[in-house]
Amino acid sequence: MDTVFIEGLEVDTVIGAYDWERSIRQCLRLDLQLGWDNRPAAEGDDLDKALDYAAVSQRIQAFAAEAQFLLVETFAERLVAVLMGEFGIPWVRLKLHKPGAVPAASSVGVEIERGCR
Ligand SMILES: Nc1nc2c(c(=O)[nH]1)N=C([C@H](O)[C@@H](O)CO)CN2
């Protein structure tokens, strides 16, 4: 299957398991691979048949703006469910970074893959 990808998308959200994290917003960085058949869009040169990466990015920003999860695992799982449901995406791989969470590491986070490729 073809993919549409979004890399390095930064969002601000309330995220974290510790008390001090509940009253601040932190940055998450997302890399997504989204399964899609790109041929119909290419054949008709038609954005309506494409998976619009701008629209998906906007939805992710809106999701993050409202979210208040404790764990990055929960953020990743719920976000992928929203994207698959609302955009009809059959397969998603999401790598979610929480930069700065472990100062000695360049990044930490989770990677999940859902759906059928
Ligand atoms: N697997 C996880 N480990 C940890 C998480 C998490 O969401 N998933 N979160 C924290 C804290 O919120 C941490 O990021 C604060 O710096 C610790 N471990």
Starting from 0.36 nm per residue, how many nanometres of slack lie between Q58 and D46 once their C-alpha separation is accounted for?
2.3 nm
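Taking 0.36 nm per intervening residue step and subtracting the Cα-Cα distance, what contour gain separates M1 from A17 on full extension? Let's see the in-between values first.
Values: separation 16, 0.36 × 16 = 5.76 nm, distance 3.67 nm.
Extra length from M1 to A17 when fully extended: 2.1 nm.
Which whole-number percent gives the relative contact order of the chain, counting Cα pairs below 8 Å spaced six or more residues apart?
Relative contact order here is 28 percent.
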Would you calculate a helix-derived [θ] at 222 nm for the chain, using -39,500 (n - 2.57) for each DSSP H run of n ≥ 4 and dividing by the full residue count, to the nearest 500?
-9500 deg cm²/dmol
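Coordinate-derived values only; no laboratory data. Since the structure is predicted, the reported quantities are computational estimates derived from the model, not experimental observations.
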